[in-house]
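Can you read through this structure? Questions will come right after.
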Amino acid sequence: SNGAIGSVTVRGSVIGGSNSTTGGIESEGDIGSLRIGHDLVGVSGIEDIRLAFSGFVDCNFGKLASVKIGGSVIGGSLEYSGYITAGKIGAVQIGHDLIGGAGYQSGSVVNNGSTDRIRIGGSIVGGTGDSSGGVDSGRNRLFYVGGNIEGAVVGGESTANMHVGGNLEPSLEI
């Protein structure tokens with residue numbers, strides 16, 4: 001969309017395909033609440049550096065009011081696959097895992113401003129791609145991971161509270 005998008009609900013999964021910008025929700029403006037009932041999945045098995053954005057949510061530099069993924073966010077082999085980004089995110093809730101893939105920043109939540117809270121019910125698992133399987137946010141008020149952190153968590157100015165229910169392994173930069 002070239003403008004703002006109200007609320008979006010997908011009862012099943014959002015799954016990227018083998019071409020660029022497939023299986024995505026994208027807006028040049030703000031997006032209201034976004035709900036995906038199951039998984040957000042980037043494509044795997046394709047290694048073409050000219051392709052990017054598969055199974056993604058891109059709110060450019062706008063505000064994403066809230067994101068709720070019932071299942072997992074799973075990165076793939078393309079750059080920015082299984083990827084959520086916005087200028088500011090109100091709240092992020094991922095029911096299961098955040099899993100990186102072979103693509104750059106695949107299986108990631110990236111925010112250019114601040115996030116009110118991030119809650120991941122399962123684990124953060126890094127992938128083989130650079131900066132894959134992680135959270136990169138300027139400011140977080142509350143960060144909760146129910147399982148293990150085996151990927152990257154990068155906080156900017158401040159992270160007020162952090163809770164990890166399982167093991168914390170490298171790398172963490174707050």
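FYI, it's all coordinate maths here, none of it is from the lab. It should be emphasised that the depicted structure is a prediction, and the values quoted were computed from it without experimental measurement. When we count neighbours, we look across all protein chains shown, and the Cβ atoms used for this are built from the backbone with ideal geometry, even at glycine.
Which trypsin sites (Lys or Arg not before Pro) from the stretch 49-132 combine a DSSP loop assignment with at most 11 other Cβ atoms within 10 Å? All intermediate terms of the calculation are to be shown ahead of the outcome.
Working: sites: Arg50, Lys63, Lys68, Lys88, Arg117, Arg119; in loops: Arg50.
Counting only loop positions with at most 11 other Cβ atoms within 10 Å, the trypsin sites (Lys or Arg not before Pro) in the stretch 49-132 are Arg50.
Pull out the extension gain between Ser20 and Asp130, defined as 0.36 nm times the separation in residues minus the alpha carbon to alpha carbon distance; nm, one decimal.
Values: separation 110, 0.36 × 110 = 39.60 nm, distance 1.90 nm.
Extending this stretch completely gives an extra 37.7 nm.
Which peptide among 74-80, 15-21 comes first, and what is the full order, when sorted by highest mean count of other Cβ atoms within 10 Å?
On the way: 74-80: 29.4, 15-21: 17.3.
Per-residue mean Cβ counts within 10 Å order the peptides as 74-80, 15-21.
I'd like the Karplus ³J(HN,Hα) series for the stretch 118-132: coefficients 6.51, -1.76, 1.60, θ = phi - 60°, whole numbers in Hz, and an x wherever there's a Gly or Pro.
Karplus values, whole Hz, x for Gly and Pro: 10, 10, 10, x, x, 10, 9, 10, x, x, 7, x, 4, 6, 9.
Amide H to amide H, which residues 5 or more places from Gly134 or on other chains are under 5 Å from it, using H placed in the peptide plane?
The answer is Ser108, Val109, Ala152.
In whole Å, largest first, what are the principal axis extents of the Cα atoms in the stretch 2-73?
Sorted largest first, the three principal extents are 33, 26, 13 Å.
While we're on this one: Zone of Lys63 (label point 7 Å along Cα→Cβ, backbone N under 14 Å): which residues in the stretch 110-138?
So the set is 113-117.
Distance between Cα centroids, the stretch 86-120 to the stretch 3-47: provide it in whole Å.
What the calculation gives is 13 Å, centre to centre.
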